[in-house]
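Just below is one structure, and these are the notes that go with it.
The values are calculated or read from the model by the stated rules, or taken from the named source; none is laboratory data. Note that the structure is a prediction, hence the values are computed from the model and not measured. Cβ sites come from the backbone with ideal geometry, for glycine too, and all protein chains shown count toward neighbours.
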Amino acid sequence: MASQYAESGDARGTFLGHPKGLFVLFFAEMWERFSYYGMRALLIFYLTKHWLFSDGDAGVIYGAYTALVYITPVLGGYLADRYLGQRKAVAYGAVLLTFGHFLMGFEGSGGDDAFALNMFWLALAFIIVGSGFLKANISVIVGQLYPRTDTRRDPAYTIFYMGINLGAFLGSLLCGYLGEEYGWSYGFGAAGVGMLLGLIVFIWGKPLLVGRGEAPAPLSKGKEWGLYVVGLLAVVLCWWMVQNQDVVGTLLGIFGAILVLGVVFYSIIKLPAHDRDRIFAALFLIFVSIVFWALFEQAGNSLNLFTDRYVDRMGVPASMFQSLNAAYIFLLAPVFAAIWTALGRHNREPSAPFKFGLGVIQVGLGFLVLVWGAQAAGMDNSVPVIFIFLIYLLHTTGELSLSPVGLSAMNRLAPAHMASLIMGTWFFASATGNYAAGLISRAAGGDGLESAEAGKELVLGVYTTVGWYGIGIGVAVLAISPLVKKLMHLDTLRDDSEELLGDSEAGLEAQEAGVHPENTPRA
């Protein structure tokens, strides 16, 4: 019985039907997201009001920074898969993040303060690389707690996603309020405290992970510390890149092409037919997610500025509206999990590609609702705050249709030895979407326009365009989702332990027949 529990990640018992380790990851990620989203709620205002960047430049800096946050999981995922293991990678990432968030509290005098500005770039670099070691790998550990065919996987990722958004909700409210009302260092300092708490929770809860996420092979101390030095060198590189945003765009194009072509080539050459098809299905979902994130990530960028300038906020700091998305997710995630579970029991649950199409449609519709509300109020009047609540509601239901489903699909569709790489590719798609979001925000920036009304009209025009594009692309995804579902081969998906058992039995049969197992084709 004990071995059976260990096989499913339940060696230390369960809580609410799930391994206790899930809730360690829940709270660790909750505090990490508290720090990240608390800082994110303030960042565009910090760039425009403290460092006095133009809207366009601030939008691209924001996009480049968030893009790098999602690029580095490829490095962190690779080093975890090959050497460190996910647990040590997450702990190291948490240390870097804690240092970076506290460094953000050093604001200087703003404007032309060159030394303080370099400290700001360095703080962003630590946060970027720390996220790279933590983000992909903590999600992988969640998947490792369950067999691949366990029906609890999707609900587990939804619970995990609730932890993410509980932290995002509290961080946006508290850090946003402190930053705008009392000073930037107070908001960023609170984010640093949150990250420190996340590190403490993760270290304390190590025994409840029942050995998941450990290094694939014994690692010498010298080699382990060498890998940590690689992380510090990555900090230096990111410090330079975040100041040179065009380089980030070029990097995304070149590295993205190499990554996708490498995954495709490896899948064709090395993987059995069904595993290869599953990788192709995962890549399709990854490409669709780029469109979603390019639109969704206006939230902390142009939409944050729009809320500050053109919305009747009734005295509430604009950054605090960043908490709406997280609040909606926390309220609606159990509803979505229950719906998917109930539909699954009756074999009527929509496929992952179909859910992705729904997600993109909803994010596009959110922009159109905001535009219609602003036009109804009149260009000379402030936009009623209800339309900010509505756009975040539609973006949230879209996110719940795509993001937790995507996390689960990446882990389910990828062979075990490619799990972190494919999860890193998923986050790389988010990086591309975030950089594209920065370009959209620059288009909506309106630098040099003569009046607030002209700026408002420009933003609404951009939102109209991206809204209709989102709806059109989402409908196209719905149309081809049955074909993508076939590539997933869900009817032949097996747990890793079953595959090993099957391979062993095939090898014994081949030996009995006088055939060498390495010459036997794998089904």
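A quick yes/no check of all residues on (1) of a type in the set (Gly, Ala, Ser); (2) touching a strand residue (DSSP E or B) at 6+ places or on another chain (Cβ under 7 Å); (3) modelled with pLDDT of 90 or more; (4) assigned to a loop (DSSP other than H, G, I, E, B):
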residue	(1), (2), (3), (4)
ALA431	yes, no, no, no
GLY448	yes, no, no, yes
VAL459	no, no, yes, no
VAL462	no, no, yes, no
LEU478	no, no, yes, no
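Pairing residues of region 293-305 that are without any contact (Cβ under 8 Å) to a residue 40 or more places away in the chain with residues that are surrounded by fewer than 24 Cβ atoms within 10 Å (Cβ to Cβ), at Cβ distances under 8 Å and at least 6 apart in sequence or on separate chains, gives no pairs at all.
When you scan region 62-82, do you find a residue that is surrounded by fewer than 23 Cβ atoms within 10 Å (Cβ to Cβ), farther than 16 Å from MET195 by Cβ and modelled with pLDDT of 90 or more, even just one? Scanning region 62-82, I find no residue that is surrounded by fewer than 23 Cβ atoms within 10 Å (Cβ to Cβ), farther than 16 Å from MET195 by Cβ and modelled with pLDDT of 90 or more, so the answer is no. Considering GLY163, GLY132, the condition of being modelled with pLDDT of 80 or more, touching a Pro at 6+ places or on another chain (Cβ under 7 Å) and not β-branched (Val, Ile, Thr) is satisfied by GLY132 alone.
Within region 306-330, the set of residues being closer than 14 Å to HIS395 by Cα and either without any contact (Cβ under 8 Å) to a residue 60 or more places away in the chain or touching a Gly at 6+ places or on another chain (Cβ under 9 Å) (or both) comprises PHE321, GLN322, SER323, ALA326. Quick check on region 409-421. Is at least one of its residues in contact (Cβ under 8 Å) with a residue 40 or more places away in the chain, outside any helix (DSSP H, G or I), under 23 Å from the mean Cα position of the chain (by Cα) and buried (at least 24 other Cβ atoms within 10 Å of the Cβ)? Yes, because at least one residue in region 409-421 is in contact (Cβ under 8 Å) with a residue 40 or more places away in the chain, outside any helix (DSSP H, G or I), under 23 Å from the mean Cα position of the chain (by Cα) and buried (at least 24 other Cβ atoms within 10 Å of the Cβ).
Residues are listed down the side, and each one gets a yes or a no for (1) assigned to a helix (DSSP H, G or I); (2) free of Cβ contacts under 8 Å to residues at least 40 places away in the same chain; (3) among the aliphatic types (A, V, I, L, M); (4) more than 28 Å from VAL335 (Cα to Cα):
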position: VAL142; (1), (2), (3), (4): yes, no, yes, no
position: TYR157; (1), (2), (3), (4): yes, no, no, no
position: ASN165; (1), (2), (3), (4): yes, no, no, no
position: LEU173; (1), (2), (3), (4): yes, no, yes, no
position: GLY187; (1), (2), (3), (4): yes, no, no, yes
position: ILE203; (1), (2), (3), (4): yes, no, yes, yes
position: ARG212; (1), (2), (3), (4): no, no, no, yes
position: ALA215; (1), (2), (3), (4): no, no, yes, yes
position: GLY222; (1), (2), (3), (4): yes, yes, no, yes
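Residues that are buried (at least 23 other Cβ atoms within 10 Å of the Cβ), modelled with pLDDT under 95 and over 26 Å from PRO384 (Cβ atoms): does region 288-308 have at least one? No, region 288-308 contains no residue that is buried (at least 23 other Cβ atoms within 10 Å of the Cβ), modelled with pLDDT under 95 and over 26 Å from PRO384 (Cβ atoms).
The conditions of being in contact (Cβ under 8 Å) with a residue 12 or more places away in the chain, part of a loop (DSSP other than H, G, I, E, B) and not β-branched (Val, Ile, Thr) are met by GLY105.
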